[in-house]
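These notes concern the structure reproduced below.
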Amino acid sequence: MIESLLVANRGEIARRIIRTGRRLGIRTIAVHSEADGALPFVTEADEAVCVGPANPAQSYRNVEAILEAARSTGAQAIHPGYGFLSENADFARTVERSGLIWVGPGADAITAMGDKINARNLMAAAGVPVAPGTTEPAADLDAAVAAAAEIGYPVMVKAAAGGGGMGMGVAADEAALRTEYDKVRAFAERMFGDGSVLIERYFPRVRHVEVQILGLADGRVVALGERECSVQRRNQKLVEESPSPAVSPELRERFLAAAVRAGEAVNYRNAGTVECLLDPSTQEFFFLEMNTRLQVEHPVTEYVYGVDLVEEQLRVAAGLAPTFDPDALAPRGHAIELRINAEDPKRFLPGPGAITTWNEPAGAGVRVDSGYVAGNTVTPFYDSLMAKLIVSGDTREEAVERARAAVAQFEIAGPKCNLPFFAELLENPEFLSGDYDTGIVSRMR
C-alpha cells in the first residue's frame, strides 16, 4: 500500500481522503491556500503546506507549488479529489513523470473523455447509446444552425471541453440558438480555453442517471450500481440517491453493461463515473459524459455496496486487488445525499460568511462529510459546498425519514444555507413518489 499521500484539494473532500488515509496507516499531507489555513482538513493531516494565496490559479491549480510540496514532504502519491486539477491530463502526466503515483485514471483516458465530442464518438463506436448530435465541433454559427436543423429542436448547446453542468444552454428555435451559441462559445473560451461547441438533442423531460465504475489493477472494469442525480439547479446537482427509483432490474443491467463498455473502450483504471440521460417515457438512455475522477456523490454508492471508494482508489493506484469480490457485487438498502451549500434556499445565490453555529446531526444511518466547523469562514473564493449529508436505510422510505430528521437537527448559522430547501423537498409529493425529473426544482420554485 502507498505509505504517504499528498491530497491536492481542500474542504470536505480533502478531509474525506485524509480520514481513509489515517485508517489505512498512510501518512497524509494537505496543501492549502492562505485563505484555508484554519479549516479542519489542514490540522487533521499529518503535515500541511501552504501553496499560495486564495486565488485557485495561484494555489490549488498551481502545479509547480503542489509538486514542490510533494517533493519537500516526501510524498509517494497524489490524490486530486474532484475539481481543480483532478481531470487535468497534463497534471496527471507530470505527476507520474516526477516519479509519483497518480491516484486516478491514466492521462490518456482523461484526455479521451475530456472533449465531449471525442467522448461521444468513442462511446458510439463502443456500442454505448449516444443522443443525436454533432460528431465534430460546430465551427461557426452557420454550422450550428445546420446541425440543429438536422437534429431537430429543441437542442442543447454545450461547451465541448466543459463539465460539471457548466457551459450549457438550451435553444428551442433558430433565434434562440443564435443567442445561445455565442454565449456558450464565449463562456467556453473564458473558462476552459477552448471555444469548441457541441450541438445535441435536448430532452424536455429527462432523468440524470450515472453509473459508478472502477477500473481494477488487473485490467477489469466493474460497475458499482447507479445513482439518480435529477434534483438539480442550473444543471448542477443538489441531491443524489442510489439505487435510482426510475431504474428497473432489466434497465439496470443495460446501464451497467454500457458503463463497463465505456470504461473498457478507454482502458479505464481507478474510479470514474459514466453519466447518462434517461428518457422516462421510452426507457431509452444516452451517454452524457464520463467524469474521470471521484464524484462528489460517491458516498451513496459506498453505503449501498459496502465499500470505501477512496480505499479502492488507493489500492488500484498501488497495483493491489480490491477489498471486494468483483464477481459478487450486490446492492443493499438505499442511500440519499444532500449537498449543503452556502447559498440562498430560494434563488440559490451564494451567501458566504463566518460560521457562528455548526451542529451536525447523528444517529443510525446518518453520515456527514463536512469541510467546516464553527468559527471557520466560508469564503467567496471557492465552491459553496459546506457539507454533504448522507443518510441510508433498508428502504427508500426509511432513508427519506432519516433525511427529514437529520435536516431538522442540522444547525448552521452565519452563512446562507440551503437546508430549508431540503426540508421542503423531503415533503414534496413528486420527489416522494420517485417519479421526478431534472425539472423538479424549477417546478418547486
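Figures for the structure shown
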quantity: Scattering profile of the chain at q = 0.07, 0.12 Å⁻¹ [log10 I(q)/I(0), Debye over alpha-carbon scatterers]; calculated: -0.33, -1.06
quantity: Sites A172 and A38 - FRET efficiency at Förster radius 56 Å, r taken between beta-carbons, to 0.05; calculated: 0.70
quantity: Listed residue (A148, N55, P420) projecting farthest to the positive dipole end of the chain, Cβ model; calculated: N55
quantity: Exposure proxy order (Cβ contacts within 10 Å, fewest to most) of F348, F255; calculated: F348, F255
quantity: Where Rh is the Kirkwood radius over Cα pairs, Rg/Rh for segment 288-401; calculated: 1.02
quantity: Virtual spin-label span in nm between R22 and L349, 7 Å along Cα→Cβ; calculated: 3.9 nm
quantity: Cα gyration tensor category, rounded, prolate or oblate, for segment 272-354 with a/c compared to 1.5; calculated: oblate
quantity: Whole-number Å³ per residue for the convex hull built on Cα positions in segment 132-201; calculated: 68 Å³
quantity: The chain, helix-only ellipticity at 222 nm - DSSP H runs n ≥ 4, -39,500 (n - 2.57), divided by all residues, nearest 500; calculated: -10000 deg cm²/dmol
quantity: Sparse-neighbour loop sites [trypsin sites (Lys or Arg not before Pro); segment 306-380; at most 15 other C-beta within 10 Å; DSSP]; calculated: R332, K346, R347
quantity: For segment 4-103: Kirkwood Rh in Å [reciprocal of mean 1/r, alpha carbons]; calculated: 12.9 Å
quantity: Candidates T395, T282, T134: whichever shows maximal mean-square fluctuation once the chain is modelled as a Gaussian network with Cα springs under 10 Å; calculated: T282
quantity: Where GluC sites (Glu not before Pro) in DSSP loops with at most 16 other Cβ within 10 Å are excluded, longest remaining stretch of the chain; calculated: 4-426
quantity: Under Karplus coefficients 6.51, -1.76 and 1.60, residue-wise ³J(HN,Hα) of segment 228-244 in Hz, glycine/proline x; calculated: 8, 10, 7, 7, 9, 10, 6, 6, 10, 6, 10, 9, 9, 9, 9, x, 6
quantity: Computed label-point distance, nm, for sites E64 and T357 using a 7 Å Cα→Cβ extension; calculated: 4.8 nm
quantity: Dipole magnitude of segment 97-143, debye to nearest 20 (Cβ charges: Lys/Arg +1, Asp/Glu -1, about Cα centre); calculated: 280 debye
quantity: Reach of K416 by Cα under 12 Å, taken over aspartates and glutamates that are not fewer than 8 positions away in the same chain; calculated: E343, D344
quantity: Nearest-20 debye value, segment 305-349 charge dipole, Cβ charges on Lys, Arg, Asp, Glu; calculated: 260 debye
quantity: Added length on full extension, which subtracts the Cα-Cα distance from 0.36 nm per residue, N121 to D279; calculated: 54.8 nm
quantity: Pairwise FRET efficiency - D182 versus D108, Cβ, R0 = 51 Å, nearest 0.05; calculated: 0.95
quantity: Centroid-to-centroid separation of segment 210-240 and segment 258-282 [C-alpha atoms, Å]; calculated: 8 Å
quantity: The chain - percent relative contact order, Cα under 8 Å, separation 6 or more; calculated: 15 percent
quantity: Inverse of mean 1/r across different Cα pairs in segment 80-198, Kirkwood, Å; calculated: 15.4 Å
quantity: Ellipsoid equivalent to segment 207-444 - semi-axes via the Cα gyration tensor, in Å; calculated: 30, 21, 17
quantity: Estimated dipole of segment 207-444 in Debye, rounded to 20 [Cβ of Lys and Arg +1, of Asp and Glu -1, Cα centre]; calculated: 600 debye
quantity: Residue order, fewest to most beta carbons within 10 Å, for R234, R396; calculated: R234, R396
quantity: From phi via Karplus (6.51, -1.76, 1.60), per-residue ³J(HN,Hα) for segment 421-431 in Hz, x at Gly/Pro; calculated: 5, 5, 4, 5, 4, 6, 10, 6, x, 5, 5
quantity: Percentage relative contact order, segment 195-296, counting C-alpha pairs under 8 Å, at least six apart; calculated: 31 percent
quantity: Dipole of the chain [Lys/Arg +1, Asp/Glu -1 at C-beta], most positive-end residue of I26, A14, A45; calculated: A45
quantity: Length released on extending from A408 to T395, taking residue separation times 0.36 nm less the Cα-Cα span; calculated: 2.6 nm
quantity: Among M191, H334, V157 the positive-end extreme of the charge dipole of the chain (Cβ point charges); calculated: M191
quantity: For segment 148-162, Karplus couplings with θ = phi - 60° (6.51, -1.76, 1.60), whole Hz, Gly/Pro x; calculated: 5, 5, 6, 6, x, 6, x, 10, 9, 9, 10, 5, 4, 9, x
quantity: Alpha-carbon centroids, segment 51-110 and segment 354-400: separation in whole Å; calculated: 27 Å
quantity: Distance in nm between pseudo-label sites at C50 and A328 (7 Å out along the Cβ direction from Cα); calculated: 5.2 nm
quantity: Percent of Cα-Cα distances greater than 16 Å, calculated over segment 40-150; calculated: 69 percent
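No value in this document is a laboratory result; all are computed from the given coordinates. As the structure is a computational prediction, the values presented were derived from the model and not from experiment. With ideal geometry, Cβ positions are generated from the backbone for all residues, glycine too; neighbour counts draw on all protein chains shown.
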